[in-house]
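All remarks here apply to the structure that follows.
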């Protein structure tokens, strides 16, 4: 297992450390519910340095990105980011990722930790365009400072106006005494805030100054368990759960990042799937009685016939009810449809709802 540059700090803070995506990562500090509430109502900091970063440079960098990703990266201007995915040849997804346009002819791709090697090999295998590729994953750290008080708490650390960084935009500037830091707003929690990309030998200074600046705002370190409950309340997909090598972006409700105005990997097959219509859909559901849905639980209809499977589920700390995502047959996918989650041989009532679960 790899450590992040801050693992020793998490250990010193008494975090519960567990292996995740090849890294020793802090899962909780004081408990999921307390950490979740800190982010929803105040400000908290995640160490997500396990994420992967690839830098693509050269006159054909955009052409390579257009070839391997589903969204249209030609619309990006410097300082903007885009959510996208890497389709495979079988109708599934290699990974989902965020693309940052750093400069003309230079892009930063941020990928999931568990897929760094897989994604690197996949993109490299399509790079017959002479694009210079650098894997920066082991050299860079990433902090996500999230919550409604994040901007106010951190403004003293930078000359960049944090309140002017719109969602899915970024700036390169000074932060916590470090020059040339990427400050982006691509949050995965639904409670505002931003992310800081810096080098491994800089991140401890950044971490310490962030906690000094945030002390009067009640800032706390937050583990990956609360990151999961926060993203699920917003209905954001998690690779390996809600999307994977066998789920199509159209089934997963990611048609909005699947642009058929260009050719990309497997675009013809996906276009045909769109025209024919999918047979299953990823839906959001709320439990109608007190119960917690879990990954891989069966979803059944009123007559007990299996119609799908739960991909993510939890007891929502903000709403105090069981919520989940899962794939069901199209006939059972409409909002307000009654479905049932099979929990230890009991079929527990649930209802298909519109996302997000959590509304501020």
Problem set entry | Unique residue being over 25 Å from residue 227 (Cα atoms), surrounded by 21 or more Cβ atoms within 10 Å (Cβ to Cβ) and in contact with a helix residue (DSSP H, G or I) (Cβ under 7 Å, 6 or more places away or on another chain) when the list is 111, 94, 68 | 68
Seminar exercise, completed: (1) without any contact (Cβ under 8 Å) to a residue 12 or more places away in the chain; (2) closer than 25 Å to residue 138 by Cα all hold for residue 31 apart from (2)
Problem set entry | Single residue of segment 12-28 satisfying the filter (part of a loop (DSSP other than H, G, I, E, B) and touching a helix residue (DSSP H, G or I) at 6+ places or on another chain (Cβ under 8 Å)) that is surrounded by the fewest Cβ atoms within 10 Å (Cβ to Cβ) | 22
Exercise. From the list 269, 291, 284, 225, which one is in contact with a helix residue (DSSP H, G or I) (Cβ under 7 Å, 6 or more places away or on another chain) and in contact (Cβ under 8 Å) with a residue 40 or more places away in the chain?
Worked result: 225
Problem set entry | Selection count where residues are free of Cβ contacts under 8 Å to residues at least 60 places away in the same chain and surrounded by 14 or more Cβ atoms within 10 Å (Cβ to Cβ), scope segment 331-356 | 9
Problem set entry | Enumeration of residues in segment 139-160 that are assigned to a loop (DSSP other than H, G, I, E, B) and touching a helix residue (DSSP H, G or I) at 6+ places or on another chain (Cβ under 8 Å) | 139, 147, 148, 149
Exercise. For segment 109-138, what are the residues that are in contact with a strand residue (DSSP E or B) (Cβ under 9 Å, 6 or more places away or on another chain) and part of a loop (DSSP other than H, G, I, E, B)?
Worked result: 112, 127, 131, 136, 137, 138
Exercise. Which one of these is within 17 Å of the chain's Cα centre (by Cα) and not assigned by TED's automatic domain parsing to the domain that holds residue 20: 63, 73, 113?
Worked result: 113
Exercise. Taking the stated definitions as given, is residue 326 surrounded by 13 or more Cβ atoms within 10 Å (Cβ to Cβ), under 27 Å from residue 74 (Cβ atoms), free of Cβ contacts under 8 Å to residues at least 60 places away in the same chain and within 20 Å of the chain's Cα centre (by Cα)?
Worked result: no
Seminar exercise, completed: Quick count over segment 80-91, residues being more than 14 Å from residue 258 (Cα to Cα) and crowded, with 19+ Cβ neighbours inside 10 Å, is 1
Exercise. Among 62, 56, which is modelled with pLDDT of 95 or more, in contact with a helix residue (DSSP H, G or I) (Cβ under 7 Å, 6 or more places away or on another chain) and either within 24 Å of residue 273 (Cα to Cα) or in a helix (DSSP H, G or I) (or both)?
Worked result: 62
Problem set entry | Filtered residue count, segment 29-48, keeping only those that are buried (at least 20 other Cβ atoms within 10 Å of the Cβ) and either not in a loop (DSSP other than H, G, I, E, B) or not assigned by TED's automatic domain parsing to the domain that holds residue 225 (or both) | 10
For this session: Restricting attention to segment 299-320, report how many residues are in contact with a strand residue (DSSP E or B) (Cβ under 7 Å, 6 or more places away or on another chain) and either farther than 17 Å from residue 240 by Cα or part of a loop (DSSP other than H, G, I, E, B) (or both).
Result: 9
Seminar exercise, completed: The helices (runs of 4 or more DSSP H) lying wholly within segment 187-290 that contain at least 3 residues that are more than 14 Å from the chain's Cα centre (by Cα) and within 30 Å of residue 157 (Cβ to Cβ) are 200-214
For this session: Go through segment 321-360 and count every residue that is at pLDDT 95 or above, in a loop (DSSP other than H, G, I, E, B) and within 17 Å of residue 189 (Cα to Cα).
Result: 4
Exercise. Within segment 210-222, is even one residue farther than 21 Å from residue 112 by Cβ, touching a helix residue (DSSP H, G or I) at 6+ places or on another chain (Cβ under 7 Å), without any contact (Cβ under 8 Å) to a residue 12 or more places away in the chain and not assigned by TED's automatic domain parsing to the domain that holds residue 309?
Worked result: no
Problem set entry | Subset of segment 49-65 that is in contact (Cβ under 8 Å) with a residue 60 or more places away in the chain and farther than 20 Å from residue 140 by Cβ - its residue that is surrounded by the most Cβ atoms within 10 Å (Cβ to Cβ) | 64
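The values are calculated or read from the model by the stated rules, or taken from the named source; none is laboratory data. Computed from a predicted model, the values in this text were never measured in an experiment. When we count neighbours, we look across all protein chains shown, and the Cβ atoms used for this are built from the backbone with ideal geometry, even at glycine.
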